[in-house]
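J.: The structure follows.
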Amino acid sequence: MKVELLGHYGSDLLVANCARTSFDRQHEAFTEGDARLIRFLAREGHNSPFFHPQATLRISAAIPIARQLLRHQVGLAVSEVSRRYVRSSPEFEALVWRHSNPDVKQGSAGPMSADEQADWTAIYDQHCRNAVRAYEAMLEAGVAPEQARFILPQGMLTTWTWTGSLFAFARVCRERLAPDAQSEVRDVARAIARIMSGCFHHSWAALVPQEAA
């Protein structure tokens with residue numbers, strides 16, 4: 001899993017100034033008054049100023065994790081690597097195996113024992129290697145990449161570029177940092193939260209509960 005910032009536009013000051021547009025006022029430098037205004041906007045649900053700042057991220061994660069995250073569409077644009085065109089050898093997510101949770105239809109309980117970890121990792125790694133060998137053999141034999149990709153495991157990493165507003169990414173993280181979110185999804189959400197907090201510190205603190213982040 002990897003999350004990196006490709007670029008961002010705007011700042012906490014932009015959020016505050018967008019909120020002041022109704023009064024035709026602007027600040028040139030960020031002040032404590034701007035911080036108070038941002039907290040007020042978030043607390044009272046005045047969300048439109050938080051849509052103006054933008055960020056572009058590049059994320060690599062296993063296919064099931066990507067599919068969960070990319071269910072979030074409002075305020076976000078995505079461009080994803082396609083194995084219809086890419087023929088490079090795939091990489092796979094390294095996993096820490098967990099027990100199923102008998103009380104939850106989806107989700108998991110605590111980690112398995114060290115011996116179980118070793119056993120299931122060996123099986124997983126061997127399966128991935130076998131799938132890659134078959135995939136490469138299919139390509140070498142002339143099978144269309146758009147079909148050869150069907151043999152690759154769900155644990156394969158995919159990469160996408162994700163552009164969205166400050167508010168859109170905050171909404172993603174509020175949901176995906178929840179205790180009942182899948183652990184691997186929370187890992188991505190935490191990485192997104194660290195980046196967004198660095199770009200928009202006051203706004204992010206107001207929008208995303210710190211106990212979640």
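Residues are listed down the side, and each one gets a yes or a no for (1) in contact with a Phe, Trp or Tyr (Cβ under 6 Å, 6 or more places away or on another chain); (2) under 16 Å from residue 66 (Cβ atoms); (3) modelled with pLDDT of 95 or more:
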residue: 149; (1), (2), (3): no, yes, yes
residue: 157; (1), (2), (3): no, yes, yes
residue: 162; (1), (2), (3): no, yes, yes
residue: 166; (1), (2), (3): yes, no, yes
residue: 170; (1), (2), (3): no, no, yes
residue: 177; (1), (2), (3): no, no, yes
residue: 188; (1), (2), (3): no, yes, yes
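J.: Listed residues 27, 8; which is assigned by TED's automatic domain parsing to the domain that holds residue 184, within 20 Å of residue 159 (Cβ to Cβ), of a type outside the set (A, V, I, L, M, F, W, C) and not in a helix (DSSP H, G or I)?
T.: None of the other options fit; the residue is 8.
J.: Okay, moving on. Would you be able to tell me the number of residues in region 68-89 that are closer than 16 Å to residue 173 by Cα and surrounded by fewer than 12 Cβ atoms within 10 Å (Cβ to Cβ)?
T.: 3
J.: Can you name the residue in region 185-207 that is touching a Leu at 6+ places or on another chain (Cβ under 8 Å) and under 27 Å from residue 86 (Cβ atoms) and is also surrounded by the fewest Cβ atoms within 10 Å (Cβ to Cβ) among such residues?
T.: Ranking the qualifying residues of region 185-207, first place goes to 195.
J.: Which of the residues belonging to region 10-52 are touching a residue at least 60 places away in the same chain (Cβ under 8 Å), of a type in the set (A, V, I, L, M, F, W, C) and under 22 Å from residue 76 (Cβ atoms)?
T.: 15, 38, 41, 42, 50, 51
J.: For residue 60, work out the one condition from (1) of a type outside the set (Phe, Trp, Tyr); (2) over 30 Å from residue 184 (Cβ atoms); (3) modelled with pLDDT of 95 or more it doesn't fulfil.
T.: Failed condition: (2).
J.: Okay, moving on. From 59, 123, 65, which residue is in the same structural domain as residue 193 (by TED's automatic domain parsing) and part of a helix (DSSP H, G or I)?
T.: 65
The values are calculated or read from the model by the stated rules, or taken from the named source; none is laboratory data. Because the structure is predicted, anything quoted here is derived from the model rather than measured. Positions of Cβ are backbone-derived with ideal geometry, glycine not excepted, and every protein chain shown enters the neighbour counts.
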